[in-house]
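Undergrad: Here it is: the structure, laid out below.
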Amino acid sequence: MSAKASRRERVTALTAKSGTKGQEVCLRLYIASTTPNSERAKANLERALQDFAAQPGYHVEIIDVLADARRAVTDNVIVTPTLVVLGPKRRLVMIGDLSDSGKLQGLLNSAANLS
């Protein structure tokens, strides 16, 4: 297996929807393998995205920083779990296991305005 192929396997896309404005918002969740906080963050994000389904297009990536530390350094992520929302104009960040559903919904609502 080539290095490029194995690197692609470390980034897992959870979901993708087509955007209505032609620009997708990228949600990147940086985790540390299967640690309890990382597992909670993934579950909390998946739960929040079910409520967020009616919003404009987005793409979710799960990035394991233990498997791809260079990606975390390149993206300036020093703590896991971290959710980074990338839009064409801004970058939003939420650190932790995403258990504060109000803050997470606010972040996702803000992300809808980034596209």
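Undergrad: Quick check on the stretch 51-61. Is at least one of its residues farther than 19 Å from residue 101 by Cβ and at pLDDT 90 or above?
TA: The answer is yes, given that some residue of the stretch 51-61 is farther than 19 Å from residue 101 by Cβ and at pLDDT 90 or above.
Undergrad: Scanning the stretch 88-106 for residues that are surrounded by fewer than 19 Cβ atoms within 10 Å (Cβ to Cβ) and touching a strand residue (DSSP E or B) at 6+ places or on another chain (Cβ under 7 Å), which turns out modelled with the lowest pLDDT?
TA: 91
Undergrad: Taking residue 40, is it more than 12 Å from the chain's Cα centre (by Cα) and at pLDDT below 95?
TA: no
Undergrad: For the stretch 2-14, indicate whether the set of residues that are surrounded by fewer than 13 Cβ atoms within 10 Å (Cβ to Cβ), within 13 Å of the chain's Cα centre (by Cα) and modelled with pLDDT under 85 is non-empty.
TA: Yes; the residues of the stretch 2-14 include at least one that is surrounded by fewer than 13 Cβ atoms within 10 Å (Cβ to Cβ), within 13 Å of the chain's Cα centre (by Cα) and modelled with pLDDT under 85.
Undergrad: Can I ask one more? Please tell me if residue 110 is surrounded by fewer than 17 Cβ atoms within 10 Å (Cβ to Cβ), of a type outside the set (Phe, Trp, Tyr), without any contact (Cβ under 8 Å) to a residue 60 or more places away in the chain and not in a helix (DSSP H, G or I).
TA: no
Undergrad: Looking only at residues that are hydrophobic (A, V, I, L, M, F, W, C) and under 21 Å from residue 106 (Cβ atoms) in the stretch 15-37, which one is modelled with the highest pLDDT?
TA: 29
The values are calculated or read from the model by the stated rules, or taken from the named source; none is laboratory data. This structure is a prediction, so every number in the text was calculated from the model and none was measured. When we count neighbours, we look across all protein chains shown, and the Cβ atoms used for this are built from the backbone with ideal geometry, even at glycine.
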